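Handing you a structure now.
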Amino acid sequence: MKIWLDDERVAPEDWTRTRSADEAIELLEENKVEEISLDYDLLDGEPSGGKVAKWLLERAKSNQWGQIPYMIRCHSMSYDGVCEIAWDLAEIDWLRWRLM
């Protein structure tokens, strides 16, 4: 499964579109997800892709690698949002490679 978190952009073919961080996290908990792409800014004050990145980081810190996709992307146009997500993803990668 591939998850596309975005409340405005249409998901690419073969991706499951989610419109909220909570919806994306629910799919991560219940499915084997091979790839996820996060948007940072969601409308109506919804929790963002940053919430999903932090959730993934907590799983990495807890050694719950089965819930973390190998490929995690950010497709946001928000510079600050991309930076926030990138820091969390860098820490996930550091934890992943430290274990190898």
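With +1 on each Lys and Arg Cβ and -1 on each Asp and Glu Cβ, how big is the dipole of the range 2-98 about its Cα centre, in debye rounded to the nearest 20?
Approximately 500 debye in magnitude.
To continue, here is another question. Checking a compactness column here: for the chain, what do you get for Rg(Cα) / (2.2 N^0.38 Å), N being the number of residues?
Cα Rg divided by the expected 2.2 N^0.38 Å: 0.99.
Report the extension gain between D44 and N63 in nm, rounded to one decimal, defined as 0.36 nm multiplied by the number of residues separating them, less their alpha carbon distance.
Here the answer is 3.5 nm.
Among all the lysines, which ones have a C-alpha under 16 Å from K51's C-alpha, if same-chain residues fewer than 8 places away are not counted?
Partners found: K61.
Tell me which DSSP H helices of the chain clear both cut-offs, 20 Å or more of axial length from alpha-carbon atoms and a mean Kyte-Doolittle hydropathy of at least -1.0.
Membrane-span-like by this rule: 79-98.
Here is a follow-up. Around D39, which amide H atoms from residues at least 5 apart in sequence, or from another chain, sit under 5 Å from its own amide H, with H modelled in the peptide plane?
Close amide H contacts, sequence-distant or interchain: L5, G49, H75.
Where a number appears in this text, it was derived from the coordinates with a stated rule and is not lab data. As the structure is a computational prediction, the values presented were derived from the model and not from experiment. Don't worry about glycine lacking a Cβ; one is built from the backbone with ideal geometry, like all the others, and counts go over all protein chains shown.
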